[in-house]
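The values are calculated or read from the model by the stated rules, or taken from the named source; none is laboratory data. Small disclaimer: the values here were computed from a predicted structure and weren't measured. Quick reminder, even Gly has a Cβ in these numbers, built from the backbone with ideal geometry, and neighbours come from all protein chains shown.
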Amino acid sequence: MSPRHFLSFADISRTELLTLLDTAVAMKGGRYTATPLAGKQIALIFAKSSTRTRVSFEVGTRQLGGQPIFLSSRDIQLGRGEPLKDMSRVLSRFVDALMIRTFAHADVEELAAYSSVPVINGLTDLLHPCQLLADLLTMQEAFGTVEGKVVAWIGDGNNMANSWIEAAGLLGFELRIACPEGYEPNKAIYDANAARTKIVITEDPDEAVAGAHVINTDVWASMGQEAEIALRQAAFAGYCVDDALLTLADPAAIVLHCLPAHRGEEISESVLEGPRSRVWDQAENRLHAQKALLAMLFP
């Protein structure tokens, strides 16, 4: 039987996602005591460095009874050019699941195609579905449900924006993305989800935030885009989530940021540290959401 992978929200049904969120709530509340990873080894492959992804997966794996194995590209033959398909076939004979955080989404797809164990997308340049699980959990905590809410994304149409589009298509909430011309989300992902719910792409942050329940942002230059910083700072001028922008949102709106944050660029210090910020809950929820994902993959 083929293994169950989680590379994107295309790999999960609406019912499964809602169940996963409920499981994460139970885990966070201490009402889940099972150890579905008992005796299992989970390889964590990092071509991109990380704080939240590494610690949350290591701690979560141990809390579910398993053993994490951290592998950076410097530690394994991947860093010396070993083909992914070879590494996948070998590692999946040693361990029970693979999590990878890397650059090209095609690399994760190739890893999964040759793996005999579940593969989890910990981040690619195209998608960041594990972060979205935490974000949806944070929404559910704040509002009791994600349904009927309006979510605004301000800034780069990056892997986070693409995953928000997939999540909106699956769950049916309204999504508005404000980004400068030339920095739009992936067109194929947008086209695949545009008919499933209301998704608005605009260049006007005010339009995106008006009446919204959730306001999201991310750094303007992600890892690997350091050479574009000056160009991006000019393009994204006016796309800062600040107190003035928040006055347009729903009075009960919350603010999310997947971190790390550049205060004074994509988000102001006052908003990040303010009463509407749920950023620290959101960061903690990586642990609970990913534990629920692992429990789903190892029922």
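Tabulated results
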quantity	calculated
Conditions (1) assigned to a loop (DSSP other than H, G, I, E, B); (2) at negative phi; (3) in contact (Cβ under 8 Å) with a residue 12 or more places away in the chain: number failed by PRO251	(3)
Selection count where residues are modelled with pLDDT of 95 or more, among the acidic types (Asp, Glu) and part of a loop (DSSP other than H, G, I, E, B), scope segment 123-160	2
Candidates ALA227, ALA221, filtered to the one that is at pLDDT below 95, assigned to a loop (DSSP other than H, G, I, E, B), farther than 16 Å from GLU174 by Cβ and not assigned by TED's automatic domain parsing to the domain that holds PHE103	ALA221
Within segment 35-73, considering residues that are in a helix (DSSP H, G or I) and over 19 Å from the mean Cα position of the chain (by Cα), the one farthest from LEU84 (Cα to Cα)	GLN63
Residue, surrounded by the most Cβ atoms within 10 Å (Cβ to Cβ), within segment 18-34, restricted to residues that are among the β-branched types (Val, Ile, Thr) and part of a helix (DSSP H, G or I)	THR23
Residue count for segment 202-213, restricted to those that are touching a residue at least 40 places away in the same chain (Cβ under 8 Å) and within 16 Å of ALA161 (Cβ to Cβ)	4
Among (1) in a loop (DSSP other than H, G, I, E, B); (2) crowded, with 18+ Cβ neighbours inside 10 Å - the single one ILE189 does not satisfy	(1)
Selection within segment 129-145 - among the β-branched types (Val, Ile, Thr) and either farther than 15 Å from LEU20 by Cβ or more than 16 Å from the chain's Cα centre (by Cα) (or both)	THR145
